[in-house]
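Report on one structure; see the data block that follows.
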Amino acid sequence: MITRVTLENLTEKYEVEGFIENDPIQFPHRFEKIEDIEIAGFISSLFAYGSRKVFIKKLDDLFGMMEKGPLDFVLNFEPKSLDGFNYRFAKDVDIIEVFLILKRLYSDDGGLKALFEYGYSTLAPCGRGQGEGLNNSILIMLQVVTDYFYSKVQNDVKAGFYHLIPCPKNKGAMKRMNMFLRWMVRKGPVDLGIWNFVQTSELLIPLDVHVARLSREMGLLRRSSNDFKAVVELTENLKKFDKTDPIKFDFAIFGLGINR
C-alpha cells in the first residue's frame with residue numbers, strides 16, 4: 001500500500017493554484033459573490049464528464065452568456081437563451097430545465113446552500129461522524145437535493161436531465177456531486193470553502209474510473225465495482241492517513257495519474 005508520506009508529498013505538489021486553470025473549478029473562481037460562486041460550481045460540476053477539453057470549452061461558452069454573473073442569469077433566465085445548447089447526453093431541454101429549477105430555487109427557496117443545508121439538517125445527529133453513518137449522511141443529503149430537482153420538473157425532459165442530476169438511490173459513485181461538495185466545503189489553494197455546515201471529515205472522495213484504477217494500484221481500494229460502496233471503502237482508507245481531511249488526497253491520486 002502507498003505510504004502516508006508519498007500521499008502527503010503528492011498532495012502538497014498538486015494542491016496549488018496552478019491546478020485551477022485546467023480544471024472546471026476555474027469557473028467558480030471567476031466570481032466573488034457567494035451565490036455566483038455556488039451556482040458556477042454546481043453547473044460546472046454537472047458538466048464535468050467526458051473529455052476535459054471539450055466540457056471546459058462548453059462551460060466557457062455557457063459562462064460567456066452570463067455577462068452579469070450566474071445569479072443574475074438564473075433569476076432572469078429565459079429558456080430561449082439556451083435553445084440548441086447541448087452537451088453529450090444532455091439536450092437543450094434538459095439543460096434548460098436545470099436552469100428553470102435553479103430559478104425557482106433562488107427566487108423562492110433560498111438557493112443551493114439552503115437546499116443542501118436543509119438536506120443535511122434532516123439527519124439525526126447520531127448519523128454523523130460515525131463510520132458508515134457518516135457516509136450515509138452525505139448520501140441522504142444528496143438524495144434530498146435530487147428529490148427537489150426531480151419534483152420541480154415541469155417539461156418533457158430526456159435522459160440527459162437525469163444524467164446531469166443523478167439519483168443516489170441508484171447507489172452510483174455520485175462523483176460530480178461529491179466533487180462539488182469538495183469545492184464548496186474544503187478551503188485551500190484550489191477549493192473554495194464557502195460552506196461551513198459540513199465538516200471536511202464528512203466528505204466523500206469523487207470517484208471516477210481513473211481514480212478507482214489508481215487507487216487499486218496503490219492498495220487503497222479492493223472493490224471491483226466503481227459504485228457508492230467503493231466510494232465508502234476508499235474514503236475510509238484515506239481517513240487512516242488523515243481523519244479530518246481525507247479528501248485532500250484526491251489531489252495526490254490525480255498527481256499520481258499525471259506522473260504515470
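Nothing in this text is a laboratory measurement; each read-out follows from the coordinates by a stated rule. Computed from a predicted model, the values in this text were never measured in an experiment. With ideal geometry, Cβ positions are generated from the backbone for all residues, glycine too; neighbour counts draw on all protein chains shown.
Condition check ((1) surrounded by fewer than 22 Cβ atoms within 10 Å (Cβ to Cβ); (2) aromatic (Phe, Trp, Tyr)) across all residues:
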residue: SER151; (1), (2): yes, no
residue: VAL157; (1), (2): yes, no
residue: PHE161; (1), (2): no, yes
residue: PRO168; (1), (2): yes, no
residue: MET174; (1), (2): no, no
residue: MET184; (1), (2): no, no
residue: PRO189; (1), (2): yes, no
Expected single match for basic (Lys, Arg) and more than 27 Å from THR146 (Cα to Cα) among LYS53, LYS33 is LYS53
Can you pull out the helices (runs of 4 or more DSSP H) entirely within region 183-260 that have at least 2 residues that are of a type in the set (D, E, K, R) and under 23 Å from TYR118 (Cα atoms)?
none
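How many residues, within region 37-77, are assigned to a loop (DSSP other than H, G, I, E, B), within 17 Å of TYR87 (Cβ to Cβ) and more than 18 Å from the chain's Cα centre (by Cα)? So that I can check it myself, show each step before the final result.
Taking region 37-77 and keeping what is assigned to a loop (DSSP other than H, G, I, E, B), we get 47-51, 65-69, 76-77.
From what is left, the residues that are within 17 Å of TYR87 (Cβ to Cβ) are 47-51, 65-66.
Retained after the next criterion (residues that are more than 18 Å from the chain's Cα centre (by Cα)): 65-66.
Total satisfying the criteria: 2.
Among the residues of region 70-78, are any farther than 19 Å from GLY188 by Cβ, free of Cβ contacts under 8 Å to residues at least 60 places away in the same chain and among the charged types (D, E, K, R)?
The first filter runs over region 70-78 and keeps only residues farther than 19 Å from GLY188 by Cβ, leaving 70-78.
Retained after the next criterion (residues that are free of Cβ contacts under 8 Å to residues at least 60 places away in the same chain): 70-78.
Within this subset, residues satisfying the condition of being among the charged types (D, E, K, R) are 72, 78.
Yes; the residues of region 70-78 include at least one that is farther than 19 Å from GLY188 by Cβ, free of Cβ contacts under 8 Å to residues at least 60 places away in the same chain and among the charged types (D, E, K, R).
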Filter region 24-36 down to residues that are surrounded by fewer than 24 Cβ atoms within 10 Å (Cβ to Cβ) and touching a residue at least 40 places away in the same chain (Cβ under 8 Å) and give me whichever is nearest to PHE77 (Cα to Cα).
GLU35
Given the conditions (1) more than 18 Å from LEU181 (Cβ to Cβ); (2) in a helix (DSSP H, G or I), report the number of the one that ILE2 does not fulfil.
(2)
Six or more apart or on different chains, Cβ under 7 Å: which pairs go from a residue in region 207-234 that's of a type in the set (Ser, Thr, Tyr) to one that's surrounded by 15 or more Cβ atoms within 10 Å (Cβ to Cβ)? Could you list them?
SER215/LEU221; SER215/LEU234; SER215/ILE253
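Restricting to region 201-217, name every residue that is surrounded by fewer than 19 Cβ atoms within 10 Å (Cβ to Cβ) and hydrophobic (A, V, I, L, M, F, W, C).
Result: VAL209, single match.
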